[in-house]
Amino acid sequence: MIPSRAGRRPDRTALAVVALAAAALVVRLVGLGDRPLHWDEARVGYWSLRSLETGFFSYRPVAGGPLVYHLSRPSLALFGATDFALRLPFALFGAALPFAALLFRGRLADDETLGFAAVLAANPILLYYGRFARGDVLAVGFTLVAFGFALRLADGAGRRNAYGLAAAAALAVASSGLGVVALCCLGVAGLLVFDHAALLPSARPAAMRLGEYAARLRGAATPAARALLVFVAVYVFAFAPRAGDTDGAGLYTPGTILGAIDAALFDSVRRFVGVRVVNRYPEGTHEYLPYLGDLLGTLALAALPVVLVGAAVFLADRYTAGGPRSEVSAAVYWAGASLVFVPMLTEVSAPWLGVYVVVPLALPAGIGLAALVRWGRRAFDSRDVPRVAAAVVVLLALVAQTGAVASSEVYAPSDRDAELAQFAQPSGEFSSFRDNLSAWVGPTDDDAPEVLYYGSSMYVADGAADSPPVPDAWGERLPMAWYVERLGADSTSAATPGALEARSSIPPVVIAPADERGTVAPLLDGYVAHQYDTGLWGRSVVVFVKN
C-alpha cells in the first residue's frame, strides 16, 4: 500500500516514484535477451548453472561478488537457462534504484526527490548496465542505500536505520570487489563534510550540531552491536560456501556450519586480498591517466547532463546564502572520490565504471532538474515567454541527449562503434551462433560429447572445468561455454591435429581459433565452417558444423 500523509490522501511523491520505477522496468526489459552475453556475463551464467547442478558454491574474487550468483541461480532455475533469465534480477534491481530516492525525503523537497529518481531511472549508463549480469550497479546502488540510511540515522529518524545501513553495506561488498571502493569513497565524502562542518566559520550552525550527534552516540552501544550483527549475518550468508554434493564445508551442511562461517569471515578476506591486492591483474598495476581518460570519455558521452547540472548545483549550493547542504556536498565529494580512486583501483578499463560516478551525482542533478522545472513553471505563471522558452529548450536538450544515447547505445546492436560496450562484448553477428547452436548440436541425451574445442589456447582437460578454479584456457571459450552448458551438451578438447585424428568419432560441433582454420578444415570432411568474432573486434573463432 502507498503510504499516505495524515491518513487523508495518497502520497503523490511516492506514487510518482513508483511510476518512474515502473517505466524504468519497462525500458530495461525491452529486448533484454537480444544482445549476446558479454564474457563476464557468460562466466556468471556458466558457474550459476554448474552450481544449480551440483549445489556447490565457493567465493572466488576473480569471478565477481557472490551476490551476483545468489541472484542469478534462482532466476535460471525459475525461468530457464536463457540470456533473458540471467539478466532479469539485475534489470529488476536497476529498475528499483529510483526507490532509493525516497530515503532522502527528509533532506529533499518532493520535486527534488522526483528529479533524483528520474535520473536514476533514465541515465543511459545505468540503463545499459542495469541490463547486464555484473555486480557494478548492485554495488553502487547498495552504497547509495547505505548513504540514505546514514543520513536518516544522523537526522534522528530512528536507530533502526542503522540496521538498514549495515545490511546495505554488506550487500555492496558482496556485489563486487569495487563495492569496497564505493563504500570507502562514500566514507571519504562523509569525513570531508564532517571536517567542513567542524572547522569552517561559515558552517558554525552545523558545527553546533556535532555535539548533538555526539550525545546520540552515548548509549548507542546496543544498537551498534545489533547493526554489527546484521552486517555479519548478511556477509556470512553471501560469502559462505555451499558444499552441495562435495564433502567440503557448507552453510547448509550439518556439522560444517562453523567451518563455513570461518570461510566466509576470514577466508573470503584472504582470497580478496590475494587476488585484488597481492596478485593484482595486470601485473599489479596499470597506467592511471588512460584509465581516467576512458572514464571521463564515458561520462562525456552518456552522462554529460548529469555531470554539468550536478556541478552547477554544487557550486550554487556552496556559494549562496545559507551555506552548503551537507547531502549535496557529500554526494559530490563521493562522486569526486570515485572519479579519482575507481580508475586507480580497477583492473580493467570499461564503460561500466561510469556508474560509480553517475549514481552519487544523480542527487545534485535531480535537485538541479527540479529547480529548472520550478523556474520554468514560475516563468509560465508570470507569462514570461523568453524564460519559458529557455526552460523548455534546456529540458528538451537534456531529454534529447539522454534519448539519443539510449537509442544508439542501449538498444542498438553491438559493433565497434558502440561506446558503452566493452571489448569482450560479442558483435551482433554472434547471435547466429547462439540461435543455431541447439540445431547444430542435436540431441544431448547420450554420453558422447557434442562439442569439441580445438587448439592449445582452448584446451582444457576433461573434468577440469567442472568446478573452479579452472585453467586460463577455459576463459578463451567464453562466451561459447555458457551457450554449450545451457543446452546440457558435453564438451571435450583436442590440442593437436594428431589428437583430433586419433578420436574414434568427432562431435558434430568443433570450435577453434580462426587462425587454426587451415589446420582443422582438412580433418573435418563434411563439416561446414562459420566464423564469428567473440569480441567487438578480434578473437575470431571458426565453428565447424557437421553437415
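The values are calculated or read from the model by the stated rules, or taken from the named source; none is laboratory data. The model shown is predicted, which means the values in this text are computed figures rather than measured ones. Counting neighbours? That spans all protein chains shown, and the Cβs are built from the backbone with ideal geometry, glycine included. What goes into the accessible areas is simple: the full protein's heavy atoms, side chains included, and nothing from ligands, DNA or RNA. Shrake-Rupley method; radii C 1.70, N 1.55, O 1.52, S 1.80 Å.
Just a few scattered comments:
- Estimated inter-spin distance, V18 and A225, nm [label 7 Å along Cα→Cβ]: 4.0
- Under the Karplus curve 6.51 cos²θ - 1.76 cosθ + 1.60, θ = phi - 60°, whole-Hz ³J(HN,Hα) for the stretch 473-484, x wherever Gly or Pro sits: 4, 4, x, 5, 8, 6, x, 4, 4, 5, 5, 6
- The chain shape via C-alpha gyration tensor axes, a/c threshold 1.5: prolate
- For the stretch 1-155, with all protein chains in place and a probe radius of 1.4 Å, 65% of the accessible heavy-atom surface sits on carbon or sulfur.
- Over the stretch 254-322: Rg over Rh, Cα atoms, Kirkwood Rh: 1.31
- The packing ranking of peptides 522-533, 155-166, highest mean first, is 155-166, 522-533, where packing means the average number of other beta carbon atoms within 10 angstrom of each residue.
- Its alpha carbons considered, the stretch 5-74 gives a radius of gyration followed by a Dmax of 18.7, 54 Å.
- Per residue, the solvent-accessible area of the chain (1.4 Å probe, heavy atoms of protein chains only, all protein chains present) comes to 45 Å².
- Highest-first arrangement of 372-384, 489-501, where packing means the average Cβ count within 10 Å: 489-501, 372-384
- Prolate/oblate/rounded call for the stretch 303-405, Cα gyration tensor, a/c under 1.5 rounded: oblate
- Highest to lowest packing among 340-346, 477-483, scored as the average C-beta count within 10 Å: 477-483, 340-346
- Cα centre as origin, Lys/Arg/Asp/Glu Cβ charges: the chain dipole, Debye: 3060
- Computed over the stretch 1-140, relative contact order equals 33 percent, with contacts defined as Cα pairs under 8 Å that lie 6+ residues apart.
- Normalised contact order of the chain, rounded percent, pairs of Cα under 8 Å and 6 or more residues apart: 16
- Here the accessible area of the stretch 213-304 is 69 percent carbon and sulfur, with a 1.4 angstrom probe and all protein chains present.
- Relative contact order of the stretch 451-547: 31 percent, from C-alpha pairs under 8 Å at least 6 residues apart in sequence.
- Gyration tensor verdict on the stretch 362-520 (Cα atoms; rounded if a/c is under 1.5, prolate if a/b is larger than b/c, oblate otherwise): prolate
- Equivalent ellipsoid dimensions for the stretch 1-126 as semi-axes, Å, which come from the Cα gyration tensor, largest first: 34, 15, 14
- For the stretch 60-116 versus the stretch 453-475, the spacing of their alpha-carbon centroids is 32 Å.
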